[in-house]
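The values are calculated or read from the model by the stated rules, or taken from the named source; none is laboratory data. Please read these numbers as outputs of a predicted model, since none were measured by experiment. Quick reminder, even Gly has a Cβ in these numbers, built from the backbone with ideal geometry, and neighbours come from all protein chains shown.
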Amino acid sequence: MIIEVKVPSPGESITEVEIGSWLVEDGAVVSKNQEIAEVESDKATLTIVAAEAGKIEIKAAEGETIEVGAVVCTIDTSVAPVAQKAEAKAEAEVKEEPKVEAKKEAGPAKEVKASEAYDKVKVTSVAKEMMKENDLSVDDVINGLKRLGKKEVEAVLSAPAAAAVVQKREASRAEERERMSSLRRKLSARLVAVKNETAMLTTFNEIDMSFVMDMRKKYQQKFVDKHGLKLGFMSFFTKAAAVAAEFYPMVNAQIDGEEIVMPQFVDVGIAVSTPKGLMVPIVRNAESKSVPEIELEIKELAEKARTKKISVEELTGGTFTITNGGVFGSLLSTPIINPPQSAILGMHNIVERPVAVNGQVVIRPMMYVALSYDHRIIDGKDSVGFLVKVKEMIENPERMFTNGKDAGELLLGI
């Protein structure tokens, strides 16, 4: 039986997609629900899975733009992947068999020897004894290593022969070219449009991160035990921005023709860098969610974006965006607004700097923050006030629990 595999609809507004890459070769035998291709729209990269097991025949080439609903390949279900599985199982048994035999016939401990590939590896006397006791060779130990760490690299660099190992790179004039993905082309057009169609300005401030960092360090293990994930900084900033937007609603507003739309909710987009380009999953109604709820949702959405499992609905409709260039080491930047939104908050690297506290110079972990905004609807007073309110809540995290207000003022009713 021949089954046609068609391009699924990524969203109502999308009528065509581009074949990003085929994950299987033409004529390959695939399993049911196996990922076989990646398709790119102007909003996200999605995957196509095999509806049934069988032999695949590709109908559309990589880079080709096709309409939603068009046939990209067919699957011949009469050719099942049973033979492949049986062959793989037989190969696995053959590979495991010598190990079992060797274990049965193990006699006296074998000498600590290495093949020609590792004959120059130095082995300490303690390591030799351990290897003899456990019947291991140098090859066994090297092959058992999962990864190389900082210590291993430093050990090689500090060795006398390091100069001979590090070779000079040969000069080259070669260059590579690759076609921009549909997602990156759309992103490029949107970024240029923002610069041309908005009156974008950026205001800056700095935040003392010691209070949040101390809280994170103090409660990290309890947080992991209760919620099953580590506590990051993005959830604090997301909650702080959502609360600050209630004090300065124009930061959360948008221009629609000749009208200003002011949502009574805060849907925060979290910029996520993926191999295919920038994606901005949305945490909806952040103003009504707790920090743990926001942290869990950010983790799930970011994982979906990076593994191409995210839906178009999860990428559209945000009212405000946060981007964190600090994870790449950025000290300061001017983020670009994500239209049709009117503002974006930029987080940056945390650096220990000398600051004045109560007349004394102390070292504190400081972060520069930036708010880029559309000056057509957001005045300087609102933009600066919003950023100060975010600063206040990050430096006094308990204010997120009191809806941004000072706990003493609430207690005294003033």
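Among the residues of segment 342-377, write down those that are under 15 Å from ALA244 (Cβ atoms) and in contact with a Phe, Trp or Tyr (Cβ under 8 Å, 6 or more places away or on another chain). Those that are under 15 Å from ALA244 (Cβ atoms) and in contact with a Phe, Trp or Tyr (Cβ under 8 Å, 6 or more places away or on another chain): SER342, ALA343, ILE344, LEU345, MET347, VAL369, ALA370, LEU371.
For (1) touching a Cys at 6+ places or on another chain (Cβ under 7 Å); (2) aromatic (Phe, Trp, Tyr); (3) at pLDDT below 95, each residue gets a yes or a no:
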| site | (1), (2), (3) |
| --- | --- |
| ASN205 | no, no, no |
| TYR219 | no, yes, yes |
| GLY228 | no, no, yes |
| LEU231 | no, no, yes |
| PHE237 | no, yes, no |
| ALA241 | no, no, no |
| ALA244 | no, no, no |
| PRO249 | no, no, no |
| ASN252 | no, no, no |
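What number of residues within segment 1-34 satisfy the criterion of being part of a loop (DSSP other than H, G, I, E, B) and of a type in the set (A, V, I, L, M, F, W, C)? Counting residues in segment 1-34 that are part of a loop (DSSP other than H, G, I, E, B) and of a type in the set (A, V, I, L, M, F, W, C) gives 6. Of the strands (runs of 3 or more DSSP E) lying entirely inside segment 212-274, not one is found with 2 or more residues being not assigned by TED's automatic domain parsing to the domain that holds SER288. Looking only at segment 378-414, residues that are part of a loop (DSSP other than H, G, I, E, B), modelled with pLDDT under 95 and among the aliphatic types (A, V, I, L, M) come to 1 in all.
For segment 43-62, name all the residues that are within 28 Å of the chain's Cα centre (by Cα) and either in a strand (DSSP E or B) or closer than 30 Å to GLY318 by Cβ (or both).
Filtering segment 43-62 for residues within 28 Å of the chain's Cα centre (by Cα) gives 43-50, 62.
LYS43, ALA44, THR45, LEU46, THR47, ILE48, VAL49 - these are the residues of segment 43-62 that are within 28 Å of the chain's Cα centre (by Cα) and either in a strand (DSSP E or B) or closer than 30 Å to GLY318 by Cβ (or both).
Of all residues in segment 213-271, those satisfying the criterion of being free of Cβ contacts under 8 Å to residues at least 60 places away in the same chain, among the acidic types (Asp, Glu) and within 26 Å of GLU313 (Cβ to Cβ) are GLU259, ASP267.
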